[in-house]
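All of the numbers you see were taken from the coordinates with simple rules; none came from a lab. None of the values given here were measured: they were computed from a predicted structure. Neighbour counts are summed over all protein chains in view; Cβ atoms, including those assigned to glycine, are modelled from backbone coordinates with ideal geometry.
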Amino acid sequence: MCQSFNMNHSALIEKRRFTSPCNSSTIFPKTVVVVLLQLSLAVEPTKASHGFNYAEALYKGILFLEGQRSGKLPPDQRMTWRGDSALSDGNQSNVDLTGGYYDAGDNVKYQFPMAFTITMLSWSVIQYRDALNNTGQLGYAQQAVKWGTDYFLKCVTGPTQLWVQVGDPDSDHRCWERAEDMDTPRTAHQINASSPGTEVAAETAAALAAASIVFRADDPDYAETLLDTAMTVFDFADSYRGTYEDACPFYCSSSGYNDELLWAAAWLYKASSLPEFLNYVVENSSLSYSMSEFSWDNKHAGLQVLLSSLYFAGEASLQSYTVKADEFVCATLPQSTQKAMSFTPGGLLYVREGANMQYVAGSSFLIAVYGDALASVNRTILCGDTSTGSSFSSCNLWTFAKSQLDYMLGKNPLRRSYMAGFGKNPPLQVHHRSASIVSIHTNPNHVACGQGYVDWFPSSKANPNVLTGAIVGGPNTNDGFLDFRNVSSQSEPTTYINAIFVGVIAKFASQKS
């Protein structure tokens with residue numbers, strides 16, 4: 001049985017030895033570790049060590065996405081304080097761009113992070129479909145994916161035309177108003193053959209391809225539409241190359257587009273089994289670099305874990321990706337002699353200020369998934385050389401992922417939850433325009449752009465609407481947290497944080513106190 005390891009990572013590092021959380025508190029020599037760890041490879045955690053109801057967290061983590069919906073809301077909308085919004089999106093350009101998601105606490109629709117959200121939510125569903133089904137959340141997760149893909153299908157208006165943003169960030173950020181009230185410009189931006197944006201086009205292709213797998217069994221016609229469109233968008237992304245940074249007004253990529261092209265090709269291969277996509281990732285494997293983070297902008301580590309899983313499933317030509325996936329894990333695990341990442345004193349992975357939970361979610365998910373892949377072939381990871389390195393099993397990887405999840409849910413120095421509406425002392429002043437202003441159903445009077453900054457933004461009171469399930473940016477490097485909506489780096493949620501954490505939570509959702 002996997003047990004939680006000591007969250008004091010600095011002490012663990014000083015020991016320079018590996019303490020197995022899967023067997024006991026005994027520190028074993030490396031020659032013994034390999035034998036003992038193989039006995040636990042197929043054993044998943046079975047007990048929630050801190051009393052968290054993961055099934056409840058899973059339900060709420062998915063529910064949050066309904067609070068981010070744009071457009072005409074459906075009759076079965078569960079986040080009932082929200083209303084219809086942005087019903088004229090695209091009108092100025094004679095195209096229907098209603099729907100989709102607001103990515104965070106503002107009212108702009110950004111295609112790049114939205115597409116990544118759907119890619120990762122789809123991967124969560126694919127990887128942990130049984131857990132989602134057993135907890136009654138599969139249908140809701142599929143609905144959340146479809147809310148995004150229905151919008152993406154609208155955004156593809158030609159073989160070389162993709163709409164990638166609706167709204168003006170500068171105007172929007174000068175206002176504090178409900179999505180239902182917004183009167184800022186809803187300018188629509190597109191990429192095309194003369195003004196390409198390879199990163200966002202490739203990520204959209206990845207999202208559509210991954211989502212096609214989600215619907216393959218239940219709605220094959222829709223799945224086929226998604227896959228066909230994914231191929232069209234990928235061809236556009238690959239044929240008309242140009243960095244999105246040159247074309248985008250906001251949420252620009254700083255890591256280039258090679259990772260997105262390979263990422264999209266990998267998902268297209270997984271979805272279609274067509275050899276041209278396999279050849280693409282094999283022939284261009286040198287363009288994927290070892291990375292120690294995973295985010296909406298940088299897909300290298302995700303690509304490597306995804307393709308390594310396919311290698312362990314029998315695709316021998318993808319072996320080179322396992323080396324880089326191993327390096328990602330070794331750079332992240334706190335007990336690794338090759339650790340390159342930082343942790344807070346309380347044990348949270350810390351990459352940088354500004355929605356740090358996205359990096360926590362990304363690393364936790366990839367390491368959990370890689371643990372699943374290792375377990376399927378009874379393999380361990382060696383970090384370092386055979387004499388001084390550390391060996392890690394699937395159980396160790398799962399334990400790390402669980403430790404990060406538990407920190408987010410409340411096992412941390414402040415003993416507080418970082419998910420709104422869940423656990424003890426959750427965030428009350430989530431940085432979110434619609435949540436922080438009284439619901440339009442309670443007070444239908446228009447709240448103007450500047451009025452929100454006067455009446456609602458500076459309020460010391462809790463938000464009048466609970467954005468249930470929203471996972472905020474999280475604490476600083478010293479585990480400190482300011483539950484104030486004006487500290488957006490810590491109190492703002494994003495769709496991609498939740499989409500990734502859905503997979504991590506689902507991994508452990510059978511555990512309940």
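Descriptive notes on the structure:
- Annotation: amide H of Asp168 within the under-5 Å range of Thr187, sequence separation 5 or more or interchain, hydrogens built in the peptide plane.
- Helix axis angle, 258-272 relative to the chain longest principal axis, alpha carbon, degrees: 80
- Relative to the longest principal axis of the Cα atoms of the chain, helix 54-63 runs at roughly 30 degrees.
- Label-point separation in nm, Ser194 to Gln143, each point 7 Å along Cα→Cβ: 4.3
- Extension gain for Leu274 to Thr337 (0.36 nm times residue separation, less C-alpha to C-alpha distance): 18.7 nm.
- Candidate values (1) 1.03; (2) 0.96; (3) 1.24, label of the one derived for Rg/Rh (Cα atoms, Kirkwood Rh): (2)
- Amide H contacts under 5 Å for Tyr289: none, restricted to partners 5 or more places along the chain or on a different chain, H placed in the peptide plane at 1.01 Å from N.
- Fewest-first ordering of Trp456, Trp267 by other beta carbons within 10 Å of each residue's beta carbon gives Trp456, Trp267.
- Alpha-carbon radius of gyration plus Dmax, which is the widest Cα pair, for segment 256-311 in Å: 10.4, 30
- Degrees between helix 111-127 axis and first principal axis of the chain (Cα, 0 to 90, nearest 10): 40
- Ascending count of other beta-carbon atoms within 10 Å, so fewest first, for Lys299, Lys154: Lys154, Lys299
- Compared with the alpha-carbon gap, the fully stretched path from Asp455 to Leu73 is longer by 134.8 nm at 0.36 nm per residue.
- Taking other Cβ atoms within 10 Å as a rough exposure proxy, His173, His300, His431 sort from fewest to most as His173, His300, His431.
- Positive dipole terminus of segment 9-507, leading residue within Gly242, Phe484, His300 (C-beta point charges): Phe484
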